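Written out below as structure tokens is the structure these notes cover.
Just so it is clear, none of the values below were taken in a lab; they were calculated from the coordinates. Bear in mind the structure is a predicted one, so any value in this text is a computation, not a measurement. Cβ placement follows ideal geometry from the backbone for every residue including glycine, while neighbour counts extend to all protein chains displayed.
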Amino acid sequence: MAGIGGSSYWEDLRKQARQLENELDLKLVSFSKLCTSYSSSRDGRRGDTSDTTPLLNNSTQDRMFDTMSVEIEQLLAKLTAVNDKMAEYTNTPGTASLNAALMHTLQRHRDILQDYTHEFHKTKGNFLAIREREDLLGSVRKDIETYKSGSGVNNRRTELFLKEHEHMRNSDRLMDDTIRYHPSLTSRCSFPSLQTGTNDKYVA
């Protein structure tokens, strides 16, 4: 690499900056698609009661999100370092005559870096917000399903209890009807006492 005072050094820095900017552009496009696909896949599976497949898919997307975040942060750090070297070059002796053009180029690269940084943090924030919201909704759905399952068990127990209670009431009602329509069943219990009373009277 040429010395810091040579024009080839500046061109080499510009080449590095453009290469990093191109890589960042591609990464950010993929990162944005990942965020969109994550939201769409969660919306599409909202009515799916299966837990296994969504967990696998979300786990894969989460790993991709973490990996891409690290890669983009590394590229942003590298581009920041290149911009700092470009700024340092503009202050070296012998560049005064070119300073206006150099500063214009440097500012353009700084603007690109700022735009990419802003886009990255915005996309990352949206992704995290979607994931947090969907995790919360998933937790609520599980609580609802658990409540429904518990309610179903309780309802079945209540139904069995009511059936048993009704059966006992029917048995009591049947017994009452039997006694009502067959009074001899009750009179038999009083005959001995009547007979005893009569016999006692004759004996006396």
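Descriptive notes on the structure:
- Cβ-derived FRET efficiency at R0 41 Å, Glu164 paired with Ser32, nearest 0.05: 0.05
- Net +/- balance of residues flanking Thr92 in space, Cβ distance below 15 Å, scoring K and R +1, D and E -1: -3
- Length available on full extension from Gln114 to Thr80: 0.36 nm per residue minus the Cα-Cα distance, which gives 11.3 nm.
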